[in-house]
Every structure is written in structure tokens, then in C-alpha cells.
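Colleague: Take this structure, written in C-alpha cells, and hold onto it; I'll ask about it next.
The numbers here are math on the coordinates, done by the rules we state, and not lab data. These figures come from a predicted structure and were not determined experimentally. As a convention, Cβ positions derive from the backbone with ideal geometry for all residues, glycine included, and neighbour counts pool all protein chains shown.
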Amino acid sequence: MALTVVKGLQSEIFVPITPPPVWTPVTKELKDMTVALATAAGVHLKSDKRFNLAGDFTYRVIPGDAKAEDLMVSHGGYDNADVNKDINCMFPLTRLQELAQEGFIKAVAPENFGFMGGGGDQQKFTEETGPEIARRLKEEGVDAVLLTAG
């Protein structure tokens, strides 16, 4: 496969260069872990303010005991019609709740997070939103976070 390079070609959206991921070694068994979900897919409670589809760096808190029928997606970067029919295909909170009930994991985190990736002020997300979500997860004693994309 050959790579085609076209000089001067520019995307209509800002695509940031992302740093390499930071990996933390797992030190507990899953049965002893509190697990959170975070998603860049624009998931939020139906009662929450929708994300600004032109770009948004804010986040929404999704309670760990939320029901699938209380969740929805507002995201301008992909067709979210199907995910709004079955939120668990993008934000598998019901499946995570089932794993906790079966004892496969210790618990679902009391707070989970939805945000809208792919747009908005990336610097604000990097310097404000991301660190705030991480701080809240750490305060909750979350052991692992599953991240889904849009």
C-alpha cells in the first residue's frame, strides 16, 4: 500500500496531533474494581442540556444507576440515529451494571462522563475539561475507565 501525500490539502475541521496514550498497570482483579464509562460520543441524560453541535468542550455527568431509556446522544460529527435507539451500543452502561450485579466487577462508578469529541476548543478540553473529569474519577476511587468514541 502506498501513501499519497498532497501538499496544501487541508481539512475543514481542526484535527489535533494527539500525544501517545499513558498506560497505568492494572494492580487489582476486575472483581475488586470500580469501573467508570467515559465517552466522546456525546452521550448525556435526556434532561441535560444538549451539546453544541458546532463544537463543545463541556461534559455531562451520567449517574452510575442511570437507565438506558434516560440517555441520548447529541453530537454533530456522526449520524446518531441508531445509537439513540440503543444507547448501549455506544455507552454500555446497562451491560456494566449487569457485570456489577454478577460480581464480575466490584461496582459501577457513581459518576460517568459524556462529552463531544471531535470539535470545540481542544486547548480548553486538554487543560480544563479532561483534567476535571480525571480529578472527579480519582476522587470517586475509580480503578478503571472504559472510553468509547463517537
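Colleague: I need the peptides 96-102, 58-64 ranked by packing, meaning the mean over residues of other C-beta atoms within 10 angstrom, with the highest value on top. It would help to have the intermediate numbers written out before the result.
Modeller: On the way: 96-102: 15.3, 58-64: 18.7.
Per-residue mean Cβ counts within 10 Å order the peptides as 58-64, 96-102.
Colleague: Calculated from DSSP H runs of 4 or more alone, at -39500 (n - 2.57) each and per residue, what is the 222 nm mean residue ellipticity of the chain, nearest 500?
Modeller: -3500 deg cm²/dmol
Colleague: Given a Förster radius of 22 Å and the C-beta distance between Lys46 and Val26 as r, what FRET efficiency does 1/(1 + (r/R0)^6) yield to the nearest 0.05?
Modeller: That gives a FRET efficiency of 0.05.
Colleague: Give the span of segment 21-74's Cα atoms along each principal axis, as three whole-Å numbers ordered largest to smallest.
Modeller: The principal-axis extents, from largest down, are 39, 28, 12 Å.
Colleague: If you stretched the chain out fully between Thr18 and Ala149, how much longer would it get, using 0.36 nm times the residue separation minus the C-alpha to C-alpha distance?
Modeller: Separation in residues times 0.36 nm, less the Cα-Cα distance, equals 45.7 nm.
Colleague: Let me ask another. By the gyration tensor of its Cα atoms, with a ≥ b ≥ c the square roots of the eigenvalues, what is the shape of segment 80-140: rounded for a/c under 1.5, prolate for a/b over b/c, or oblate?
Modeller: Numbers: a/c = 4.38, a/b = 1.31, b/c = 3.35.
Oblate, because a/c is 1.5 or more while a/b does not exceed b/c.
Colleague: Still on this structure, I have one more. What is the local net charge at Val26, summed over the other residues whose Cβ is closer than 13 Å to its Cβ (Lys, Arg +1; Asp, Glu -1)? Present the calculation step by step, with values, prior to reporting the outcome.
Modeller: Values: positive: Lys28, Lys31; negative: Glu29, Asp32, Asp143.
Around Val26, the charge tally is -1.
Colleague: If I take every Cα pair under 8 Å that is 6 or more residues apart in the chain, average their sequence separation and divide by the length, what percent do I get for the relative contact order?
Modeller: 38
Colleague: Have a look at the DSSP beta bridges in the chain and tell me what percent are antiparallel, nearest 5.
Modeller: 50
Colleague: In nm, to one decimal, how far is the Lys85 label point from the Gln123 one, both placed 7 Å along Cα→Cβ?
Modeller: 4.2
Colleague: Using only the alpha carbons of the chain, what is the convex hull's orientation-averaged projected area in square nanometres?
Modeller: Average of the hull's projected areas for the chain equals 11.3 nm².
Colleague: Let me ask another. Within 11 Å, Cβ to Cβ, of Asp121, how many net charges do the neighbouring residues add up to if Lys/Arg are +1 and Asp/Glu are -1?
Modeller: In short, -2.
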